[in-house]
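A short worksheet on the structure shown next.
The values are calculated or read from the model by the stated rules, or taken from the named source; none is laboratory data. Note that the structure is a prediction, hence the values are computed from the model and not measured. Virtual Cβ from ideal backbone geometry, glycine too; neighbours counted across all protein chains shown.
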């Protein structure tokens, strides 16, 4: 299992392909606050709810200086369908080989319906302007997570 990140850690850099085919790098966003969240699979009920909640909050999050990146192991083409189907406005990134998931500790053993399985650990990270982890949340709930994150960031 990969190491979990803690506040104060340097956020692992990432350069991934988005649903639009663009390459997005965390280094290119230096100087801005970034919310990076990992979710198991596009177009599933919980992941859809979470992505829609981020989309609904995106204007106010950006107004407070945050950019939002959603990361999954889905292929860019599936992410494009997800964006289109649910009118998502946040940046969706593909990490098919799970390298970035592993770097963030967002892949490993978790409980699913009472059984221990290996998979994506729904996680959210807030990265400050200098590329340091400000907040690291693992095993978050899909429903209500964005509202809780907004409270944790003092935005509500």
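Tabulated results
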quantity	calculated
Residue match in the range 110-126 (condition: touching a helix residue (DSSP H, G or I) at 6+ places or on another chain (Cβ under 8 Å), surrounded by fewer than 19 Cβ atoms within 10 Å (Cβ to Cβ) and in a strand (DSSP E or B))	no
Filter result (in a loop (DSSP other than H, G, I, E, B) and buried (at least 18 other Cβ atoms within 10 Å of the Cβ)) within the range 57-89	73, 74, 88
Selection count, the range 32-56, where residues are part of a helix (DSSP H, G or I) and either in contact with a helix residue (DSSP H, G or I) (Cβ under 7 Å, 6 or more places away or on another chain) or under 17 Å from residue 120 (Cβ atoms) (or both)	10
Any hit, the range 31-43, residues being surrounded by fewer than 21 Cβ atoms within 10 Å (Cβ to Cβ) and free of Cβ contacts under 8 Å to residues at least 40 places away in the same chain	no
Selection within the range 101-133 - in contact (Cβ under 8 Å) with a residue 24 or more places away in the chain and more than 14 Å from the chain's Cα centre (by Cα)	108, 109, 110, 119, 128, 129, 130, 131, 132
Selection count, the range 127-145, where residues are part of a strand (DSSP E or B), out of contact with any helix residue (DSSP H, G or I) (no Cβ under 8 Å at 6 or more places or on another chain) and under 21 Å from residue 45 (Cβ atoms)	1
Selection status of residue 5, at pLDDT 95 or above and assigned to a loop (DSSP other than H, G, I, E, B)	yes
Boolean, residue 106 is touching a strand residue (DSSP E or B) at 6+ places or on another chain (Cβ under 7 Å) and buried (at least 22 other Cβ atoms within 10 Å of the Cβ)	yes
Residue that is surrounded by the most Cβ atoms within 10 Å (Cβ to Cβ) [pool: residues in the range 8-27 that are in a loop (DSSP other than H, G, I, E, B) and in contact with a helix residue (DSSP H, G or I) (Cβ under 9 Å, 6 or more places away or on another chain)]	19
Some residue of the range 37-49 being modelled with pLDDT of 95 or more and more than 19 Å from residue 141 (Cα to Cα)	no
